[in-house]
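Each remark here refers to the structure printed beneath this line.
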Amino acid sequence: MAAGTSNNVEPFDVVSDDTDHYFLMPRPEMEGFGNKGSNVYKRIMREWKILAQSLPDSIYVRVYEKRIDLLRATIVGAAGTPYHDGLFFFDIAFPPGYPINPPEVHYRSYGYFINPNLYSDGHVCLSLINTWIGKTHERWDPCRSTVLQLLLSIQALVLNDKPFFNDFWAEILGRGRVLLEKQSRAYNDAVFVLNCRTMLCLLRRPPLNFETFVVCHFRNQARAILSACDDYANGRVKVGHYGVDGKGSKSKVRVSGKLRESLVVLYPQLFKSFVRSGAFSGSEEERLRMEKRNGLCKSNVSRTKYRVIVRKVIGRIKKLYS
C-alpha cells in the first residue's frame with residue numbers, strides 16, 4: 001500500500017489480492033464489468049472517484065484492479081458509542097445490473113451479533129440496500145444513491161450510540177422509557193464486550209490488504225482501549241461514554257457483574273495482543289501490568305461481589321429493626 005494520511009495508509013487504494021473476499025465467486029453475467037464502454041463500468045469508475053475524493057478519515061476502502069465488481073471497506077467505531085476504537089469490515093459487490101439494483105453487502109462478523117442490523121452470519125439489514133422495509137426516500141435510488149452514502153449510513157445509523165433502538169420493536173416503542181433505557185444500557189455493555197472480542201479476531205486474522213492498517217490502528221489506540229476497559233469495569237463511566245481525550249468522566253456508575261467479569265477476562269488478552277503489535281515500550285508494559293493487577297483482577301471481582309452481598313444483608317437487617 002502507498003503511504004497515506006492516517007496510520008501511513010491511504011483511505012482509498014486499488015489492490016490486487018481479492019482471494020478472501022466474501023463475494024469472490026464469479027457471477028454468470030460478468031461481461032459488463034470488463035467492458036469500459038458499458039454503463040455499469042462507467043458507474044463503478046464514478047463510484048471509485050467519489051470514494052477517492054470524499055471519504056472521511058474514519059472510513060477506508062480497497063477496490064480490486066481485476067475485479068471492479070468487488071470492494072472492501074472498514075469503518076472505525078466512533079467515540080461516544082460502544083463501538084469506539086473498533087474496526088468493522090464490510091465486503092461489497094456490485095450486481096450486474098448496477099445501479100438499478102443496490103450493492104450486496106456482507107459484514108465480517110467473526111460470528112458475533114453486535115447490532116440489530118448486523119447479523120452474526122454477516123447479513124446486513126438496511127433500508128438503503130433494500131434488505132429492510134423503509135420509506136421510499138430511505139431505499140436505494142439508482143440515480144442518487146452511492147456506496148459512499150451506504151458507508152456513511154452504516155457509520156451514523158447502525159454503529160450509533162444506542163444500537164438497542166435499531167431493533168424494530170424498540171424503535172416503535174421509542175426512547176425515553178425507563179425500562180427500555182435500562183435495556184439499552186445493558187445492550188451497550190454486551191456490544192462493547194463483542195467489540196473487544198472482534199478486535200482480538202482482527203489482530204489474529206486481519207482481512208487481506210488491511211494487515212498494516214489493523215496493526216497500526218490498534219497500536220495507536222491500545223492505551224485508550226485498555227483505559228476504557230478499566231474505567232467501564234470499575235464504574236467510572238458508562239459504556240460508550242469514554243472520553244475522546246482518553247479519559248473517562250470518573251463519576252461512579254453501577255456496573256453489572258457480567259460486564260466486569262467479561263472485561264476481567266478480555267483485558268489481559270487485549271493487553272497481550274497489543275504488546276505483540278508493538279503498542280508499548282518496556283516501562284509502559286510494566287505500568288499496565290501493575291494497573292491490571294491492582295484494578296482488573298478476579299480477586300477484586302470477588303471482593304466487589306462480597307461487598308454487594310454485605311450491603312444487601314445490612315440493608316435488610318436495618319429494615320427489620322427500623
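The values are calculated or read from the model by the stated rules, or taken from the named source; none is laboratory data. It should be emphasised that the depicted structure is a prediction, and the values quoted were computed from it without experimental measurement. With ideal geometry, Cβ positions are generated from the backbone for all residues, glycine too; neighbour counts draw on all protein chains shown.
From Ser109, Ser145, which residue is at pLDDT 95 or above, more than 20 Å from the chain's Cα centre (by Cα) and either surrounded by fewer than 16 Cβ atoms within 10 Å (Cβ to Cβ) or assigned to a loop (DSSP other than H, G, I, E, B) (or both)? So that I can check it myself, show each step before the final result.
Working: Ser109 fails: more than 20 Å from the chain's Cα centre (by Cα).
One residue alone meets the criteria, Ser145.
Using the structure shown, decide if Ser153 is at pLDDT 80 or above and either among the acidic types (Asp, Glu) or farther than 26 Å from Asp85 by Cβ (or both). Give the steps one after another, and end with the answer.
On the way: at pLDDT 80 or above: yes; either among the acidic types (Asp, Glu) or farther than 26 Å from Asp85 by Cβ (or both): no.
Judged against the criteria, Ser153 is not a match.
Taking the condition of being at pLDDT below 70, surrounded by fewer than 16 Cβ atoms within 10 Å (Cβ to Cβ) and among the polar types (S, T, N, Q), how many residues in the range 247-302 meet it?
Residues that pass the stated criteria total 6.
Output the qualifying pairs, or none if there are none: Cβ atoms under 7 angstrom, residues six or more apart or on different chains, first residue in the range 1-24 and among the charged types (D, E, K, R), second residue modelled with pLDDT under 90.
That search, which allows pairs on different chains as well, returns Glu10/Met1; Glu10/Ala2; Glu10/Gly4; Asp13/Met1; Asp13/Ala2.
Which of the numbered conditions does Val14 fail, given that it passes all the others? Conditions: (1) at pLDDT 95 or above; (2) more than 22 Å from Pro207 (Cα to Cα).
So Val14 meets the others, but not (2).
Hey, any hits in the range 53-65 for a residue that's under 24 Å from Cys216 (Cβ atoms), in a strand (DSSP E or B) and among the hydroxyl-bearing types (Ser, Thr, Tyr)?
yes
Where residues in the range 66-86 are charged (D, E, K, R) and either buried (at least 16 other Cβ atoms within 10 Å of the Cβ) or modelled with pLDDT of 95 or more (or both), which of them is nearest to Ile114 (Cα to Cα)?
Looking at the filtered set, the residue picked out is Asp85.
Would you say Ile44 is buried (at least 19 other Cβ atoms within 10 Å of the Cβ) and over 21 Å from the mean Cα position of the chain (by Cα)?
Yes.
For a quick check of your reading of the model, give me the residue pairs whose first member lies in the range 35-63 and is farther than 8 Å from Pro11 by Cβ and without any contact (Cβ under 8 Å) to a residue 12 or more places away in the chain, whose second is assigned to a helix (DSSP H, G or I) and of a type outside the set (Lys, Arg), with beta-carbon atoms closer than 7 Å and at least 6 apart or on different chains.
Asn35/Tyr41; Ser38/Gly32
I'm checking my understanding of the structure. Among residues of the range 112-142 that are surrounded by fewer than 20 Cβ atoms within 10 Å (Cβ to Cβ) and among the β-branched types (Val, Ile, Thr), which one is nearest to the chain's Cα centre (by Cα)?
Thr131
Is the range 73-93 home to any residue that is closer than 24 Å to Asn39 by Cβ and either part of a loop (DSSP other than H, G, I, E, B) or touching a helix residue (DSSP H, G or I) at 6+ places or on another chain (Cβ under 7 Å) (or both)?
Yes, some residue in the range 73-93 is closer than 24 Å to Asn39 by Cβ and either part of a loop (DSSP other than H, G, I, E, B) or touching a helix residue (DSSP H, G or I) at 6+ places or on another chain (Cβ under 7 Å) (or both).
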